[in-house]
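Everything below concerns the one structure shown next.
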Amino acid sequence: MSFRATVLTLYPEMFPGHLGASLSGRALERSQWSIDAVQIRDFAEDKHRTVDDTPAGGGAGMVLKPDVLARAIDAVSKDDDRPRLLMSPRGRPLTQKRVRELAEGPGVVIVCGRFEGVDQRVIDGRALEEVSIGDYILSGGEPAALTLLDAVVRILPGVMGNELSGVHESFEGGLLEHPHYTRPQVFEGREIPAVLTSGNHGAIAKWREAEARRLTEDRRPDLLSQPVKK
């Protein structure tokens with residue numbers, strides 16, 4: 001069974017976006033995964049296709065209406081065991097561990113928020129898992145949804161030519177990835193570290209681990225306090 005993504009959005013024309021190119025695009029053509037972008041406005045019942053209203057208690061902006069969004073979610077995922085995600089800056093940070101969990105499942109239903117956010121009652125009533133891709137604010141959930149799907153699709157079985165490409169990289173072993181080099185041997189006076197051309201695979205492995213740890217200590221020391229993934 002291929003991985004199936006359904007995205008609820010006010011801008012379905014934003015999909016598949018960059019996911020229609022390169023590895024993910026070829027995998028899409030091979031039906032290794034699929035994506036369906038659904039227009040939330042199609043589930044509004046008034047003549048103006050209204051999807052938002054003013055926030056209760058006052059304040060700036062507008063809020064996505066729970067009735068409209070609930071109908072949209074029910075239409076695409078009733079009796080469906082795929083996780084229901086809401087891209088939200090207040091969600092739990094997306095991690096490579098969660099990406100792998102999603103990639104091992106049947107797919108996802110992703111709600112792309114807009115305006116000031118989504119009525120809490122539909123978040124609670126439809127068990128939406130709020131997910132954040134970083135501590136910053138976007139104009140909507142669509143770019144975040146594309147980012148999440150990019151991370152998931154690339155590690156689906158058969159998408160990458162070399163399966164080890166998805167194993168030996170940042171976050172997979174609790175560390176950032178080590179530096180990479182390729183020919184020419186000397187570039188602008190800088191040489192490839194001698195150990196990498198020594199043919200000593202044990203020494204190369206030790207160098208890569210040491211460099212990964214050095215970079216992690218310098219740039220992401222928070223990762224070192226987390227349990228190491230085996």
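The values are calculated or read from the model by the stated rules, or taken from the named source; none is laboratory data. Because the structure is predicted, anything quoted here is derived from the model rather than measured. Cβ sites come from the backbone with ideal geometry, for glycine too, and all protein chains shown count toward neighbours. Accessible surface is based on the protein model in full, side chains and every heavy atom, while ligands, DNA and RNA are left aside. Shrake-Rupley method; radii C 1.70, N 1.55, O 1.52, S 1.80 Å.
Please determine, by comparing only the residues of region 75-134 that are farther than 19 Å from R41 by Cα and acidic (D, E), which one is farthest from the chain's Cα centre (by Cα).
D79
Identify, please: which residue in region 179-220 is over 34 Å from the mean Cα position of the chain (by Cα) and hydrophobic (A, V, I, L, M, F, W, C) and is, among those, most open to solvent (accessible area, probe 1.4 Å)?
F187
Which of the residues that make up region 66-121 are among the polar types (S, T, N, Q), open to solvent by 70 Å² or more (accessible area, probe 1.4 Å) and in contact (Cβ under 8 Å) with a residue 12 or more places away in the chain?
none
Looking at (1) within 22 Å of F171 (Cβ to Cβ); (2) in a helix (DSSP H, G or I), can you tell me which one G202 breaks?
Every listed condition holds for G202 apart from (1).
Checking L19 against (1) open to solvent by 40 Å² or more (accessible area, probe 1.4 Å); (2) assigned to a helix (DSSP H, G or I); (3) not small (G, A, S): exactly one of these is not met. Which one?
(1)
Hey, among the residues in region 113-138 that are modelled with pLDDT of 95 or more and small (G, A, S), which one's farthest from R26 (Cα to Cα)?
G125
Working carefully through the options L223, L164, find the one that is modelled with pLDDT under 95, surrounded by 10 or more Cβ atoms within 10 Å (Cβ to Cβ) and in a helix (DSSP H, G or I).
Residue meeting the stated conditions: L223.
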